[in-house]
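**Student:** This is the structure I have questions about; it appears just below.
The values are calculated or read from the model by the stated rules, or taken from the named source; none is laboratory data. Computed from a predicted model, the values in this text were never measured in an experiment. Heads up, the Cβs are rebuilt from the backbone with ideal geometry, glycines too, and the neighbour counts pull from every protein chain shown.
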Amino acid sequence: MTKSYKLLEAELEKMAFRDGACIIMAINPDDVEVSNWVRLKCQYGCPSYGKKLSCPPYSPTPEDTRKVLKEYSKAYLIGYSGSIFKGYGEEKFGEIFPKALKQIRKSILELEKHSFLSGYYKSFTYGFCGPCTLCKQCSAENGDLTCKLPKESRPSMEAAGMDVFKTVRNAGLELEVQNEVNQNDLRMYTLLLLE
């Protein structure tokens, strides 16, 4: 039997906050901004372009993403703040960031699985903030287009053509480009789709 959205939402909120999220907000999938220019930023600016199966050119195109979003009636924007990094002590940010991403990726996959087991069989979450870091070297770098961890790997919102800044602002939240790395002010988001 499928759980009610209300009950599932309360459970997802509890799980997300337990794992370091600072916000989980229901949004309409129509409010997710998908733009073709986002893919250009990956292609001309990210060193992972063509080197990760969760990144362009292998990730869903903006056109594909628009089609997928039309198949859902509910989405959850899940945000994390720099406070998630405090549990890692005095390590340098460059050493902390991959560890925190691993924790967050595990958490969002648990949210997807919990939604699935609650009767929302179309549940899907996007990866988190940048390229996949599950493997030291993605098989794509060797020309093998078979992911070693397909149950865990997901394209990030931006890899799928989503304008994260505009989507967050559409939800009534603030998100600005940061001129310097101040982990306390850092805001990061991902998206969970449900039907």
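**Student:** Against the condition part of a loop (DSSP other than H, G, I, E, B), at pLDDT below 95 and either in contact with a Gly (Cβ under 7 Å, 6 or more places away or on another chain) or of a type in the set (S, T, N, Q) (or both), how does residue 103 come out, does it pass?
**Tutor:** no
**Student:** Please work out if residue 166 is assigned to a helix (DSSP H, G or I) and under 13 Å from the mean Cα position of the chain (by Cα).
**Tutor:** Answer is no for this residue.
**Student:** Could you tell me whether any residue of the stretch 149-158 is of a type in the set (A, V, I, L, M, F, W, C) and more than 16 Å from residue 60 (Cβ to Cβ)?
**Tutor:** Looking through the stretch 149-158, at least one residue is of a type in the set (A, V, I, L, M, F, W, C) and more than 16 Å from residue 60 (Cβ to Cβ).
**Student:** For residues that are touching a Leu at 6+ places or on another chain (Cβ under 9 Å) and among the charged types (D, E, K, R), scanning just the stretch 109-126, find the one that is surrounded by the fewest Cβ atoms within 10 Å (Cβ to Cβ).
**Tutor:** Step by step, filter the stretch 109-126, then rank; the result is 122.
**Student:** Return the residues of the stretch 12-38 that are under 17 Å from residue 69 (Cα atoms) and in a helix (DSSP H, G or I); say none if nothing qualifies.
**Tutor:** Matches in the stretch 12-38: 29, 30, 31, 36, 38.
**Student:** Please enumerate the residues belonging to the stretch 149-183 that are modelled with pLDDT of 95 or more and surrounded by fewer than 15 Cβ atoms within 10 Å (Cβ to Cβ).
**Tutor:** Listed by number, the list holds a single entry, 172.
**Student:** Could you tell me how many of the residues in the stretch 40-78 are out of contact with any helix residue (DSSP H, G or I) (no Cβ under 6 Å at 6 or more places or on another chain) and assigned to a helix (DSSP H, G or I)?
**Tutor:** 9
**Student:** What are the residues in the stretch 122-163 that are among the acidic types (Asp, Glu), part of a loop (DSSP other than H, G, I, E, B) and under 15 Å from the mean Cα position of the chain (by Cα), if any?
**Tutor:** Residues satisfying the conditions are 152, 163.
**Student:** Considering (1) under 30 Å from residue 4 (Cα atoms); (2) surrounded by 15 or more Cβ atoms within 10 Å (Cβ to Cβ), say which one residue 131 fails and leave the rest.
**Tutor:** For residue 131, the failing item is (1).
**Student:** Also, I was wondering about something else. Does at least one position in the stretch 122-137 carry a residue that is more than 19 Å from residue 15 (Cα to Cα), basic (Lys, Arg) and without any contact (Cβ under 8 Å) to a residue 60 or more places away in the chain?
**Tutor:** Yes, the conditions are met somewhere in the stretch 122-137.
**Student:** Checking residue 186 against (1) crowded, with 16+ Cβ neighbours inside 10 Å; (2) within 30 Å of residue 4 (Cβ to Cβ), only one condition comes out false. Which one?
**Tutor:** It is condition (2) that residue 186 fails.
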